[in-house]
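The values are calculated or read from the model by the stated rules, or taken from the named source; none is laboratory data. All of these numbers come straight from a predicted model, not from anything done at the bench. Cβ sites come from the backbone with ideal geometry, for glycine too, and all protein chains shown count toward neighbours.
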Amino acid sequence: MATYSTNEFKSGLKIMLDGDPYAIVENEFVKPGKGQAFNRVKVRNLKTGRTIERTFKSGDTAEGADVVDVELQYLYNDGEYWHFMDPQSYEQLTADAATVGDAAKWLKDEAICQVTLWNGVPLSVTPPIFVIMTIVETDPGLRGDTSGGGGKPATLETGAVVRVPLFVQSGEVIKVDTRTGDYVSRVKD
Amino acid sequence: MEAAAWRPAADWATLRLRAELLRRIRAFFAARGVLEVETPLLSAAAITDSHLSSFATVYSGPGPRHGQTLYLHTSPEFPMKRLLAAGSGCIYQIARVFRDGEAGRRHSPEFTLLEWYRVGFDHHRLMDEVAELATALLADRRLLAKPERLSYRQAFQRHLSLDPHRATVAELTVCAERQGVSIPPGMPAEDVDPWLDLLLTQRIEPHLGQGRLTFLYDYPASQAALARLRREDPPVGERFELYLDGVELANGFHELGDAVEQRSRFEAENAARRAQGLPVMPLDEHLLAALAVGLPDCAGVALGFDRLVMLAAGKTALAETLAFPFEQA
């Protein structure tokens, strides 16, 4: 893997620190007028999501991390692992619960997800921004109330719970924004 | 880059403020009988300080300098001292200067320095004048308390309970760890200065110049640069820096006038360059010849004009004060 000089640091660059892959969030050049220059860098651990601060002497180098984002199709969950497939090569990859994290509740068969790979192994999973899901359970609510105000919880087929307007009923299909977990609209068959 | 990259980065109010501050600086020095001068930006000699990197270019002739490598100055200090040795009296210059490898929110590879020299002043008297100028330029835009003066040692004692003139690398390492400072890989085991720089930039500078001008003065002898040393135990360099809002604004010296001492510092810096694999720089023999004849007792200071504009305008990045920042040049 390539090494990067502090002169090449910029946000988004993936580097290795203490054996973990990190993404640079912010890079600041700090230099006293007559002394040693430093790069003060905010980095996000791509395994844990935690952001920390690190300092480098300007001109020093860091090893690049072999981290890439790929689009994979979700296949199924066997109870322990989530299985994905590369739609081009048909190569299959598995990810554990820690890797899938919160994305699990948005994963439905055949969804195309963005999977971050580190040395070819899944590091994190980002679900599609919008998913279409069937409501399996919600209180009947008030017929005729179409104001959309208030809302009520609804359980979706994957177990995810979202707030929906009162007029939306069990068995209906809805569109949800996975970035916020917000209801977007009803989907007519 | 956006479609409008040809447009100025700074807003018109800031560009008008730049012009206004330049006007007031010139009026300030005119009223005090300090002469404005201009000296070459391109020079056959260059600064030897291993922390500064000069842009180099080659002159293609005609004339005796045909084929010679010339360097863009990092400050107008050397030729201004030649003027002083030749009897100019007090002088100032507003100059574009160039430093390779320096870019960031508060750094630009090309920037404007206001540099001035006062004959008969020591560094304390010059600090008085720097405070007067900065106050005159900022008073109508910023509410500032009375300026504060802190020795380098006092600053370390106040913020880190440590004597910077006596601390060892081991003690500085323990201090950095206790302070939760991220220690860069490859810090030297035998040289205290990078450790002092690390602690200063990470844990002291943010406290300096809060609501007032703060002067830091009397630096470790190893960081004296072009300042004269005062024989104390341990000796200190008669150097100062000015801070406002945690931002370093100016660096000044009670100027070293000893040609022999100056040559040995240049040579030591070039030796450090060689050891670090950096190019060795040609010494400014004109400066050394001028010092040998005699530099009048004087103090000098260089003030980062763009940073001053930034703080006066309430901006946080140099790019917001420049018509066309480096990336758009």
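Couple of notes before you dig in:
- A:SER11 over 30 Å from B:TYR217 (Cβ atoms) and either surrounded by 18 or more Cβ atoms within 10 Å (Cβ to Cβ) or out of contact with any Lys or Arg (no Cβ under 8 Å at 6 or more places or on another chain) (or both): yes
- Residue among A:VAL67, A:VAL136, A:VAL131 that is closer than 29 Å to A:ARG163 by Cβ, out of contact with any helix residue (DSSP H, G or I) (no Cβ under 9 Å at 6 or more places or on another chain) and of a type in the set (A, V, I, L, M, F, W, C): A:VAL136
- Some residue of the stretch A:60-69 being farther than 30 Å from B:LEU200 by Cβ, part of a loop (DSSP other than H, G, I, E, B) and touching a strand residue (DSSP E or B) at 6+ places or on another chain (Cβ under 9 Å): yes
- Listed conditions (1) surrounded by fewer than 18 Cβ atoms within 10 Å (Cβ to Cβ); (2) modelled with pLDDT under 95 are all met by B:GLN157, apart from (2).
- Residue list for the stretch B:214-235, filter: touching a residue at least 24 places away in the same chain (Cβ under 8 Å) and within 14 Å of B:TYR152 (Cα to Cα): B:THR214, B:PHE215, B:LEU216, B:TYR217, B:ASP218, B:TYR219, B:PRO220, B:SER222, B:GLN223, B:ALA224, B:PRO234
- Breaking point among (1) of a type in the set (Val, Ile, Thr); (2) touching a His at 6+ places or on another chain (Cβ under 8 Å); (3) more than 14 Å from chain A (Cβ to nearest Cβ), for B:THR135: (2)
- For the stretch A:6-19, filtering for residues that are polar (S, T, N, Q) and more than 11 Å from chain B (Cβ to nearest Cβ) leaves 1.
- When residues of the stretch A:79-121 are limited to those that are assigned to a loop (DSSP other than H, G, I, E, B) and closer than 20 Å to A:ASP20 by Cβ, the one nearest to the chain's Cα centre (by Cα): A:ASP96
- Of all residues in the stretch A:147-162, those that are surrounded by 13 or more Cβ atoms within 10 Å (Cβ to Cβ) and farther than 11 Å from A:ILE135 by Cα total 2.
- Those residues of the stretch B:2-41 which are among the polar types (S, T, N, Q) and touching a Phe, Trp or Tyr at 6+ places or on another chain (Cβ under 9 Å), in sequence order: B:THR39
- Verdict on B:GLN276 being surrounded by fewer than 21 Cβ atoms within 10 Å (Cβ to Cβ), in contact (Cβ under 8 Å) with a residue 40 or more places away in the chain and within 11 Å of another protein chain (Cβ to nearest Cβ): yes
- Single unsatisfied condition, B:THR201 versus (1) among the hydroxyl-bearing types (Ser, Thr, Tyr); (2) within 17 Å of the chain's Cα centre (by Cα); (3) more than 14 Å from chain A (Cβ to nearest Cβ); (4) farther than 21 Å from B:HIS124 by Cα: (3)
- Test for A:THR3: is it within 13 Å of another protein chain (Cβ to nearest Cβ) and surrounded by 15 or more Cβ atoms within 10 Å (Cβ to Cβ): no
- Residue, farthest from B:GLN157 (Cα to Cα), within the stretch B:203-239, restricted to residues that are at pLDDT 95 or above and polar (S, T, N, Q): B:GLN210
Conditions tested, residue by residue: (1) in contact (Cβ under 8 Å) with a residue 60 or more places away in the chain; (2) outside the structural domain of A:GLY79 (by TED's automatic domain parsing); (3) farther than 24 Å from A:LYS47 by Cα.
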position: A:CYS113; (1), (2), (3): no, no, no
position: A:THR116; (1), (2), (3): yes, no, no
position: A:GLU137; (1), (2), (3): no, yes, yes
position: A:GLU157; (1), (2), (3): no, yes, yes
position: A:PHE167; (1), (2), (3): no, yes, yes
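- Residues being in contact (Cβ under 8 Å) with a residue 40 or more places away in the chain, away from chain B (no Cβ under 13 Å) and not in a loop (DSSP other than H, G, I, E, B) - total across the stretch A:23-59: 1
- Residues (within 11 Å of chain A (Cβ to nearest Cβ) and buried (at least 17 other Cβ atoms within 10 Å of the Cβ)) located in the stretch B:161-181: B:ALA176, B:VAL181
- All strands (runs of 3 or more DSSP E) inside the stretch B:1-100 with 1 or more residues being within 14 Å of chain A (Cβ to nearest Cβ): B:91-98
- Residue identified as crowded, with 23+ Cβ neighbours inside 10 Å and either within 14 Å of chain A (Cβ to nearest Cβ) or more than 20 Å from A:ARG54 (Cα to Cα) (or both) among B:LEU256, B:LEU229, B:LEU242: B:LEU242
- When B:TRP195 is tested against (1) in contact with a helix residue (DSSP H, G or I) (Cβ under 9 Å, 6 or more places away or on another chain); (2) among the hydrophobic types (A, V, I, L, M, F, W, C); (3) more than 10 Å from chain A (Cβ to nearest Cβ), just one condition goes unmet, and that condition is (3).
- Test: A:GLY35 is under 30 Å from B:TYR217 (Cβ atoms) and over 18 Å from the mean Cα position of the chain (by Cα): yes
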